[in-house]
Structure formats: C-alpha cells, structure tokens
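Notes to accompany the following structure.
The values are calculated or read from the model by the stated rules, or taken from the named source; none is laboratory data. This one's a predicted model, so the numbers in the text were calculated from it and none came from an experiment. With ideal geometry, Cβ positions are generated from the backbone for all residues, glycine too; neighbour counts draw on all protein chains shown. The area values use the complete protein model at the heavy-atom level, side chains included, leaving out ligands, DNA and RNA. Shrake-Rupley method; radii C 1.70, N 1.55, O 1.52, S 1.80 Å.
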Amino acid sequence: MTPITQPSNGTPVTGQPLIGQPVDRTDGHAKVTGRALYAAENALPRLVHAVLVTSTIASGKIATIDTARAEKMRGVLLVMTHRNAPQLPKKGQAGAGDMPAGRVLNLLQDDAVHYNNQPVALVVADSLEHAQDAARAVRIAYTSSHAALDFAKAKSVLVKPEKVQGSTADSERGDHAGAWRAATARVDALYTTPVEHHNPMEPHATVASWDGEHLTLYDSTQYVSGVRNTVAKTFGILPDNVRVICPFVGGGFGCKGSTWSHVVLAAMAARKTGHPVKLVLERPQMFGIVGHRPRTEQHMQLGAAGAGRMTAVRHDVIASTSFQEDWIEPSAILTRMLYDSDSQHTSHRLARLHHGTPTFMRAPGEASGSFALECAIDELAYAAKMDPIALRLQNYAEKEPEKGLPWSSKSLRRCYETGAARFGWAKRNPEPRSMRNGHLLVGWGMATASYPANRQAANASATILPDGTAVVRSGSQDLGTGTYTVMTQIAANALGLPMEKVRFELGDSSQPKAPVSGGSQTVASVGPAVHAAATAARDKLIATAIADPQSQLHGVPAEDIGCELGWLFRQSVPARREPMAAVIARNGGRAIEARSESKPGDEKKQFSMHSFGAVFTEVEIDPDLGMIRVPRIVAAYGVGKLMNKKTGHSQLMGGIVWGLGMALMEKTEMDLYNGRAVNGNLAEYHVPVNADIGDIDITVVDETDPHINALGAKGIGEIGITGVAAAIGNAVYHATGRRVRDLPITLDKLI
Ligand code: MOS
C-alpha cells in the first residue's frame with residue numbers, strides 16, 4: 001500500500017488530506033487474486049448456457065429456419081427463434097427507444113435482418129459446449145435484399161439528424177464565405193476516420209435469473225439502473241421487479257453504456273426455460289450487435305488573415321449510421337468551442353448503411369473531430385508559416401466562443417507551455433524531413449486535447465456502524481477506472497475514518513441511483529453525492545455526541561468538533577475526545593445513516609465547462625519501409641482537482657494509448673458484399689500492445705475550478721484519447737512531408 005498522509009492524532013482535520021493521494025486501488029487485491037466476480041462468473045444453481053446464432057447476410061428476411069436437428073441434440077433445452085420467442089409489448093421497442101441508454105433492439109420478434117451478425121436465434125443447453133454444438137446445427141436460409149454497404153454510394157442520400165448532443169445539427173456564426181474569400185492562408189481538406197470497435201477485455205455477458213415475477217441480471221454494464229429501466233420497459237414490468245448487479249466491469253469504453261439485445265434475450269430465455277441463463281458474446285459477436293465508432297468523412301476549411309488570426313472555420317461531417325437508428329458521431333462539436341475565430345460554420349449529416357447501429361466510443365465526437373480539426377490547424381500553420389503553438393495561441397478562446405460564456409476554469413496556455421518544455425519543442429526544426437535519427441526520419445507534432453466537464457444528478461448513502469467502520473453506497477459502476485478507490489478516499493475524508501475502515505459499494509440497481517459511467521462524469525457526479533452523504537452521517541454522529549450527557553463532547557458547539565481516524569474531538573481542547581464507536585454504543589448501538597442527492601445547479605448556464613490539454617509526439621519512420629514507431633509522447637492536462645494521482649495517471653495514459661491505436665492501427669474492415677466485419681477478432685483487429693508504446697510523460701497542471709462541483713473535479717476518462725491521432729499525424733507529416741488524412745496511418749500510405 002502506498003503510504004498516505006493522515007493527520008496525526010490531535011490535529012484538526014483541515015482540507016482534504018486523502019484527496020489527490022496516489023492511493024492503491026482498494027479493489028486491486030480482489031482483482032489479482034480472482035475474488036472479483038465478473039458477470040459471467042456468477043455460477044448460480046441450475047445455471048444453463050446460451051449461445052447466440054447471428055445472421056450471415058446484411059439485409060433481407062429469414063426464409064426458412066430449421067431447428068429440428070439442434071433441438072434433438074444432447075443437453076439442448078431451447079432453440080429460440082422469431083417463431084417461438086415470447087412476443088414482447090410493441091415488439092420490444094417500447095422500452096428501448098429513449099436515448100442515450102435506450103436503443104433499437106433485435107429481439108427475435110420478426111424475420112427481418114437489418115445487418116450482418118444480428119441475433120437470429122438463441123440456443124440454450126446444459127453446458128456451453130452443448131449449446132455451441134447445437135448453435136452450429138441451426139440451418140437458416142435467407143432471402144437477401146439490396147444492402148447499402150458502400151459509404152461512397154450511401155452518401156448520395158444524406159440525413160440531417162434532429163439533434164447533436166443536445167444541440168443543433170448545424171451551427172453558423174459570422175460570414176464564413178466572405179471571410180474565406182478574404183483569407184491570406186487557407187486549408188481545404190478532407191479527413192476520414194474508419195469504423196472502430198471497442199473490444200474491452202471482458203466481452204458483454206449477462207446471467208439472467210427469474211424468481212416468480214422478479215428478475216435478477218448479473219450484467220457487464222456501465223449503467224446498472226439504465227439496464228434495469230430498459231429491461232423493465234421492454235418486458236412491460238415494474239422496474240422494482242428488476243435488479244441489476246455489476247460490481248466489476250472489464251472495460252467498457254462506451255459499448256456497455258447502452259442495454260443491447262443480448263441482455264433482454266438472456267432474460268427471455270431464462271423465463272422460457274425456467275433456469276438461470278448465462279449468455280456471453282463470442283469475440284466475433286462483439287463486431288455487430290453492441291455498437292461501434294462510425295465511419296466519418298470530415299471536410300475542413302480554415303482561413304487565416306494577418307498574423308495567423310483565424311477568420312474562417314468550416315467543418316462539415318458525414319458519419320455512417322444504421323437503418324435502425326439515426327446515431328450521430330458529433331465530430332464538429334469540438335470545433336464550435338475550441339478556438340476563437342471570426343466566423344464559423346459546422347454541420348453533421350448521416351449516411352445509412354446496413355451495419356449494426358454505432359454508439360458512444362471513448363470521446364465520441366471529440367476523438368474523431370480532433371483528428372480533423374487539429375491536423376487542419378497544423379496544415380494552416382504551414383500555410384501561414386507559423387509555429388503551430390503560436391497559431392493556436394493567436395486564436396486562444398478567452399471565453400467560450402459560441403455563447404460567450406466564461407470558462408469555469410481553463411489552463412490550456414499552461415498545458416502548451418508545460419508540454420512544450422518537457423518535450424523540448426523549442427529545438428524543433430519546422431522543415432519537413434529535416435530531422436533524423438541515423439537512417440530514420442524523425443517527426444515532432446502536437447495537438448490540443450479537450451473534452452467537456454459533465455455532471456449529472458447522483459445519490460449516495462453513508463452508514464456509520466457500531467464497530468466504528470462505515471459502509472458507503474452508490475449505484476454507480478467501476479469500469480476499471482478507480483471508482484471504488486476514489487469514492488473510498490472521498491468518503492473516508494469526510495467521515496474522519498481511515499480508508500481501511502470504509503467500505504464503498506457500487507454496481508447494484510438497488511443502491512441509491514447514480515448516472516451512467518460515461519461522458520467522463522462519474523467522479524464529478526457521484527463524488528459530490530458521496531461527500532455529502534458521508535458529511536451528513538458524520539454530522540448526525542456529532543449531534544448525537546453533543547446531545548449525550550455522558551459524552552466528553554456534551555454541549556460543545558458543533559463547529560468546534562473535529563473528526564479523524566475514528567475519533568471525535570474538541571478542536572479547542574484536543575484532549576477531550578472519544579471514539580466514534582463509543583458514541584454509537586451508548587446510544588443503543590444503532591447505526592447512523594444518511595442519504596444525499598447531489599445535482600448540478602444552473603452553473604452550466606453561467607459557465608462553459610471543459611477540460612483541456614496539449615499532446616506532443618515524436619515519430620520515427622523508416623524512409624524505405626514506411627514503418628512508424630512512436631518513441632515518446634508528452635502530454636499536459638488541466639482537469640480541475642485530480643482525486644488520485646495514480647489511478648488518474650493510468651486513466652490518462654490509457655486514453656493516450658487508445659489515441660495511438662486510433663492513429664496507427666485501428667480499423668474494422670467491413671465487407672462490401674455481405675456487411676460482415678472481416679477482421680472481427682483480436683488477431684486481426686489491431687490494438688496497441690506494450691511493445692508498440694514508448695515513453696509516455698503526463699503532467700496534470702494545478703487547476704482550481706470553483707464552479708464545477710464541491711470537489712473541483714472534472715472528468716479524465718476521455719480527454720486522454722483526444723488530440724493524439726492528430727499529434728501523431730502532424731508528426732508523420734513533419735517527418736516525411738506526407739500528409740495522411742485518412743486513419744489509420746499505415747505504412748502503405750507512406751511508401
Ligand atoms: Mo464513454 S464513450 O462516454 O462510455
């Protein structure tokens with residue numbers, strides 16, 4: 001355990017001694033010893049196993065489905081198809097339509113096929129092997145109809161989405177056309193990003209168990225109460241009759257933010273067989289039914305006048321979606337707020353393909369959008385013959401440019417300075433192909449990172465037990481990010497207890513409701529609720545002591561009472577003290593409990609809230625073979641108050657590694673004839689491994705944000721990926737003189 005700073009006995013608790021400390025993960029031991037139970041590991045009595053059968057065409061109908069052989073196979077309990085599946089209210093779509101948690105699901109309600117890899121049958125057997133065997137024996141014939149699979153052709157019919165992240169699809173400020181004509185330096189370029197799939201280590205998994213009218217789901221999810229509500233509505237039952245349990249998640253990144261078809265299918269099969277049913281998606285099934293980052297085509301026009309003043313900014317986005325939902329990757333949202341230009345025009349349009357529906361994927365919008373915007377800025381810097389940082393500073397937004405609101409906090413200038421200094425940017429020769437390391441071409445590139453600081457209402461409870469420990473609960477999730485650890489720090493800090501005396505529990509829809517662990521908002525939303533509940537429980541305990549004639553603290557004014565390491569004490573006379581447990585023991589031994597709800601006020605109307613950062617990368621490229629290595633990445637961020645230096649650093653580093661994958665490796669090849677992911681497995685869908693990663697140097701600059709919440713914390717889950725692909729793309733240009741505007745940047749595009 002990393003030593004943590006605790007106040008010595010007798011000193012009043014001032015400030016927040018535990019907050020920010022690089023505390024080890026409180027769930028680390030359970031994870032490395034295998035005691036942490038993930039969804040698929042819940043071995044309930046009488047558990048049976050389900051395997052999905054998925055479509056092999058992209059569009060059409062099931063003509064015939066022959067289940068006779070499969071049904072007779074050893075151990076098979078059920079082969080569920082659209083012919084015998086329970087009919088759900090309104091075909092199951094009644095409950096799934098509310099965005100962002102609700103999706104259009106495929107629940108075996110009819111014979112229609114909307115994409116390749118769509119669920120068309122579910123086989124349930126007494127063992128996984130029997131279920132897999134029988135799943136292969138289901139014979140299906142399809143009637144194919146024309147499938148839209150070619151993005152270039154699909155673009156001929158563009159759909160304007162109704163809303164883009166609570167805002168309009170298009171935005172317009174100033175006279176773009178006039179400013180563009182008058183500009184003295186211009187960039188007009190098209191950037192493209194491919195379909196990407198999330199691929200958390202733990203695949204989606206659900207264990208569904210009915211007890212009469214009551215359904216329990218052990219599900220791998222970013223949103224336990226979202227699953228509860230969606231499943232309840234889909235079945236037309238009360239949310240009170242559904243409980244969702246998820247204490248551990250092996251990675252989510254957005255694909256587990258929604259409730260997808262397999263969760264409901266597992267519950268349908270459990271009801272029909274009368275057994276608890278386990279359904280785990282096979283890795284290739286992760287490429288279709290549970291979302292992806294859609295393909296984007298982004299047209300950028302940047303124009304500058306004297307001294308690099310950006311006068312014209314235009315960003316037009318076309319993103320792919322399915323025929324089932326108008327899902328939009330909001331790539332131009334970042335462009336609306338990041339720089340202070342005289343004019344601006346942005347738009348979002350959709351092109352429909354017979355693919356599964358896209359979804360949130362780490363920094364949805366900002367990740368893809370920052371590639372286009374931050375590469376275009378680099379191109380503009382070359383056109384204007386300016387240093388790319390100087391150009392960005394020339395257009396630094398002192399306030400939010402769309403609404404003119406002040407920032408709640410912004411340390412981007414310091415991020416540029418800190419990052420540049422740590423990287424050694426001043427030694428860069430801006431001339432392309434001017435720097436070498438032996439035979440290798442060396443390139444240095446940089447970009448801005450940014451992500452909104454989100455917050456939603458959250459609830460928590462805190463209970464001080466007679467044994468002097470406390471249990472604190474909130475129905476949140478820990479995706480591997482450190483929620484358990486940070487919430488324990490916040491609660492222990494407020495309760496005046498050592499961390500090991502506080503147990504924080506999450507991941508159960510019967511706990512006080514918390515929002516989806518998405519949008520980098522968990523610490524900013526749940527943290528204040530935990531702080532408030534713990535503070536309220538402590539205050540109740542203090543009030544009990546004051547009212548108790550036998551207490552050392554009887555009649556002492558509440559503001560003179562401190563609380564630390566399990567003791568209450570009089571701050572003006574520290575010798576007057578007693579254990580918290582003693583106060584409870586004298587008062588009937590009843591636990592002291594408090595609940596709280598914490599939600600944002602109207603500060604979002606007064607301030608614009610975002611995190612910012614700057615990313616610097618070095619690439620080395622073999623001039624003959626085009627092979628790209630990234631020996632080092634330096635990044636600096638302003639994210640408000642960092643709650644835990646260790647888990648926070650890991651989060652930011654994980655985001656940067658994702659950015660490197662996005663820049664150089666990740667792409668789902670969707671077959672143009674049958675719409676299936678050609679590389680739909682971990683052997684061929686490339687993500688970075690340790691050998692691909694060089695030095696990563698991260699600095700979090702000191703930043704105070706008095707407006708975001710009581711803790712001053714902004715989110716850090718997603719900002720790490722933003723800007724990285726652009727910084728690498730810009731470094732590749734600097735190394736080679738070749739501007740690759742199509743991700744991923746692979747060696748074939750350089751030779
Ligand atoms: Mo994240 S893509 O908001 O789960």
What tally of residues in segment 204-225 results from selecting those that are open to solvent by 30 Å² or more (accessible area, probe 1.4 Å) and within 16 Å of the ligand (Cβ to nearest atom)? 1
The condition of being open to solvent by 20 Å² or more (accessible area, probe 1.4 Å) and small (Gly, Ala, Ser) holds, among 68, 85, 121, only for 68
If residue 330 satisfies every condition in (1) closer than 23 Å to residue 652 by Cα; (2) without any contact (Cβ under 8 Å) to a residue 60 or more places away in the chain; (3) not charged (D, E, K, R) but one, which is the exception? (2)
Complete set of residues in segment 515-555 that are within 14 Å of the ligand (Cβ to nearest atom) and not polar (S, T, N, Q): 515, 516, 518, 519, 523, 524
Residue 286 is checked against (1) over 25 Å from the mean Cα position of the chain (by Cα); (2) within 16 Å of the ligand (Cβ to nearest atom) and fails just one. What number does that condition carry? (1)
Name every residue in segment 207-227 that is within 16 Å of residue 262 (Cα to Cα) and under 20 Å from the mean Cα position of the chain (by Cα), in order of residue number. 219, 220, 221, 222, 223, 224, 226, 227
Consider residue 447 carefully, then state whether it is more than 16 Å from the ligand (Cβ to nearest atom), under 26 Å from the mean Cα position of the chain (by Cα) and farther than 30 Å from residue 418 by Cβ. no
Within the bounds of segment 343-361, is there any residue that is in contact with a helix residue (DSSP H, G or I) (Cβ under 9 Å, 6 or more places away or on another chain), open to solvent by less than 10 Å² (accessible area, probe 1.4 Å), part of a helix (DSSP H, G or I) and modelled with pLDDT of 95 or more? no
Just for strands (runs of 3 or more DSSP E) wholly inside segment 138-200: which have at least 2 residues that are under 30 Å from residue 386 (Cβ atoms) and touching a residue at least 60 places away in the same chain (Cβ under 8 Å)? 171-173, 185-193
Residue among 250, 308, 291, 303 that is open to solvent by 10 Å² or more (accessible area, probe 1.4 Å) and among the small types (Gly, Ala, Ser): 250
So which residues in segment 359-416 are over 26 Å from the mean Cα position of the chain (by Cα), more than 14 Å from residue 614 (Cα to Cα) and of a type in the set (Asp, Glu)? 379, 387, 398
In this structure, does residue 328 turn out to be open to solvent by 10 Å² or more (accessible area, probe 1.4 Å) and in a strand (DSSP E or B)? no
Subset of segment 258-290 (residues that are within 19 Å of residue 196 (Cβ to Cβ), among the aliphatic types (A, V, I, L, M) and not in a loop (DSSP other than H, G, I, E, B)): 286
So residue 369 fits all but one of (1) touching a helix residue (DSSP H, G or I) at 6+ places or on another chain (Cβ under 7 Å); (2) within 16 Å of the ligand (Cβ to nearest atom); (3) open to solvent by 30 Å² or more (accessible area, probe 1.4 Å); what number is the exception? (3)
Could you identify the single residue in 178, 166 that is outside the structural domain of residue 682 (by TED's automatic domain parsing) and over 28 Å from residue 662 (Cα atoms)? 178
Tell me which residues, restricted to segment 255-275, are more than 16 Å from the ligand (Cβ to nearest atom) and open to solvent by less than 10 Å² (accessible area, probe 1.4 Å). 261, 262, 263, 264, 265, 266, 267, 268, 269, 270
Here's a check for you: in segment 239-254, which residue that is in contact with a helix residue (DSSP H, G or I) (Cβ under 6 Å, 6 or more places away or on another chain) and over 17 Å from residue 86 (Cβ atoms) is farthest from the ligand (Cβ to nearest atom)? 239
Looking at (1) within 16 Å of the ligand (Cβ to nearest atom); (2) open to solvent by less than 10 Å² (accessible area, probe 1.4 Å); (3) of a type in the set (A, V, I, L, M, F, W, C), which is the only condition residue 412 fails? (1)
What do you reckon, is residue 204 farther than 23 Å from residue 48 by Cβ and touching a residue at least 24 places away in the same chain (Cβ under 8 Å)? no
Among residues of segment 419-470, those that are among the hydrophobic types (A, V, I, L, M, F, W, C), closer than 27 Å to residue 486 by Cβ and either open to solvent by less than 10 Å² (accessible area, probe 1.4 Å) or at pLDDT below 95 (or both), counted: 7
Of the criteria (1) assigned to a loop (DSSP other than H, G, I, E, B); (2) open to solvent by 10 Å² or more (accessible area, probe 1.4 Å); (3) not aromatic (Phe, Trp, Tyr), which one residue 675 fails: (2)
So residue 153, is it modelled with pLDDT under 95 and open to solvent by 40 Å² or more (accessible area, probe 1.4 Å): no
